[in-house]
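Inspection log for the structure reproduced underneath, given as structure tokens.
The values are calculated or read from the model by the stated rules, or taken from the named source; none is laboratory data. None of the values given here were measured: they were computed from a predicted structure. Here the Cβ positions follow ideal geometry from the backbone for every residue, glycine too, while neighbour counts run over all protein chains shown. Keep in mind that these areas ignore ligands, DNA and RNA; they rest on the heavy atoms of the full protein, side chains included. Shrake-Rupley method; radii C 1.70, N 1.55, O 1.52, S 1.80 Å.
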Amino acid sequence: MKLATLRQGGRDGTLVVVDNALERCVCPRGIAPTLQAALDDWAATEPLLRGVGNRLELGEAAGAEPFDASDCAAPLPRAYQFADGSAFVNHVELARRARGAEMPPGFWSDPLMYQGLSDPLLGPHDDIALADAGWGIDFEAEVAVVLDDVPMGVTQAEAFRHIKLIMLCNDVSLRNLVPGEVAKGFGFYQSKPASAYSPVAVTPDALGEAWDGARLRRPLVSHVNGREIGRPNAGVDMVFGFPELIAHAARTRRLGAGTIVGSGTVSNKDRRAGSSCLAEVRAIETIEHGAPRTPFLQFGDKVRIEMMAATGASIFGAIEQRVVRYG
């Protein structure tokens, strides 16, 4: 089942069920007005939404309309929480090696995680609007999961049951602001503006063999201005699976329905796969050539992030954004 949120009906938009081909959608009237409302009572709403989805696939859903990703907000236009991990430790190792920093052994056994901006969340075609290109604007292609209510202290063995939806994320980062913030010892804030999400969020069962309960085993493809930056496999070299990330996040707190947990930048050890952010491209250039050669994003640049099924069809639809000057 695939779900999206259209920009109508208020700040939280209007929930629609989308067909597998991303061509048609229908509003599930009387079931849930928004995705957050559906998640708040998922046990009751999920089978009803699935019934709508089945009728849509059969061409029997009343009120079905063409689906246009440009009409979409983020699946959750605002969320109660966004916890972003760094599960692809290869990415962290490259970044640290490029600046001559040691890799703490604990990074391989205990996940890194920060609490990011969750209101607002950008739609798939929203501009990346920022005031200064000198901040070092970068994209980060990630996989993210959406949870129902998770109890504090949930085990890894139980955590996977709380994953209700999966989507793609562009976790925008301002690289030149990161060092000053990290030096204060209090984490990211100004260096992590609003992230964007794929047009649709997908239930795990709809991903077939690509989803193993912990990892999404498909290449995540990123382009800047039409040039491919990378297509690393999101199921390869992911040191911490989503159940581990969820258990880590819930160690000392409960996670409310609608919480988003991100994978961090998808990164493979095989450099032929390319990268999912420009910072990693620059780190590899520094390691190999002594200095970075690729600039960060500039005003007017366009970013595209997408994942394809084995058939070649887009699974989540594409995140397509343009970098613009704010104001």
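Quick check, is ASP171 at pLDDT 95 or above, of a type in the set (D, E, K, R) and open to solvent by less than 20 Å² (accessible area, probe 1.4 Å)? Lay out the reasoning, then the answer.
Numbers: at pLDDT 95 or above: yes; of a type in the set (D, E, K, R): yes; open to solvent by less than 20 Å² (accessible area, probe 1.4 Å): yes.
So ASP171 passes the test.
Yes or no: segment 78-86 includes at least one residue that is over 19 Å from LEU174 (Cα atoms), at pLDDT 95 or above and open to solvent by less than 60 Å² (accessible area, probe 1.4 Å). Yes, because at least one residue in segment 78-86 is over 19 Å from LEU174 (Cα atoms), at pLDDT 95 or above and open to solvent by less than 60 Å² (accessible area, probe 1.4 Å). Every condition in (1) free of Cβ contacts under 8 Å to residues at least 12 places away in the same chain; (2) open to solvent by less than 10 Å² (accessible area, probe 1.4 Å) holds for GLY106 except the one numbered (2).
For segment 88-106, the condition holds for no residue, the condition being that it is out of contact with any strand residue (DSSP E or B) (no Cβ under 7 Å at 6 or more places or on another chain), within 21 Å of GLU320 (Cβ to Cβ) and small (Gly, Ala, Ser). Each residue in segment 245-260 was checked for being within 17 Å of the chain's Cα centre (by Cα) and open to solvent by 10 Å² or more (accessible area, probe 1.4 Å), and 1 pass. Against the test of being buried (at least 19 other Cβ atoms within 10 Å of the Cβ), within 15 Å of the chain's Cα centre (by Cα), over 16 Å from VAL266 (Cβ atoms) and of a type in the set (Val, Ile, Thr), the options VAL154, VAL146, VAL150 yield a single qualifying residue, VAL146. The set of residues in segment 164-216 being over 30 Å from ALA44 (Cβ atoms) and of a type in the set (Lys, Arg) consists of ARG175, LYS184, LYS192. Taking segment 18-34 as the range and being out of contact with any Gly (no Cβ under 6 Å at 6 or more places or on another chain), in contact (Cβ under 8 Å) with a residue 24 or more places away in the chain, more than 11 Å from ALA313 (Cβ to Cβ) and among the aliphatic types (A, V, I, L, M) as the test, only VAL18 passes.
Filter segment 179-215 down to residues that are part of a strand (DSSP E or B) and in contact with a Pro (Cβ under 9 Å, 6 or more places away or on another chain) and give me whichever is nearest to GLY300 (Cα to Cα).
First pass over segment 179-215, keeping only residues part of a strand (DSSP E or B): 196-197, 201-202, 211.
From what is left, the residues that are in contact with a Pro (Cβ under 9 Å, 6 or more places away or on another chain) are 196-197, 201, 211.
Values: ALA196: 17, TYR197: 20, ALA201: 28, TRP211: 35 Å.
Once the filter is applied, the top-ranked residue is ALA196.
Counting only strands (runs of 3 or more DSSP E) that sit wholly inside segment 114-178, those with at least 3 residues that are in contact with a helix residue (DSSP H, G or I) (Cβ under 8 Å, 6 or more places away or on another chain) are 141-147, 163-170. Restricting attention to segment 177-227 and to residues that are buried (at least 16 other Cβ atoms within 10 Å of the Cβ) and free of Cβ contacts under 8 Å to residues at least 60 places away in the same chain, the residue that is farthest from PRO292 (Cα to Cα) turns out to be PRO204.
Filtering segment 261-290 to residues that are among the small types (Gly, Ala, Ser) and either open to solvent by less than 30 Å² (accessible area, probe 1.4 Å) or touching a helix residue (DSSP H, G or I) at 6+ places or on another chain (Cβ under 7 Å) (or both) leaves GLY262, SER263, GLY264, SER267, ALA273, GLY274, SER275, SER276, ALA279, ALA283. Among the residues of segment 233-241, none qualifies, meaning not one is of a type outside the set (Asp, Glu), more than 19 Å from ALA87 (Cα to Cα) and surrounded by 23 or more Cβ atoms within 10 Å (Cβ to Cβ).
Every residue, every condition in (1) in a loop (DSSP other than H, G, I, E, B); (2) under 21 Å from ASP149 (Cα atoms), yes or no:
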site	(1), (2)
ALA62	yes, no
ALA79	yes, yes
ALA87	yes, no
GLU93	no, no
ALA101	yes, no
PHE107	no, no
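All told, CYS27 falls short of being under 28 Å from SER118 (Cα atoms), open to solvent by less than 70 Å² (accessible area, probe 1.4 Å) and under 20 Å from the mean Cα position of the chain (by Cα).
Taken together, ALA38, ALA74, ALA43 contain a single residue that is assigned to a helix (DSSP H, G or I), buried (at least 22 other Cβ atoms within 10 Å of the Cβ) and modelled with pLDDT of 95 or more, which is ALA38.
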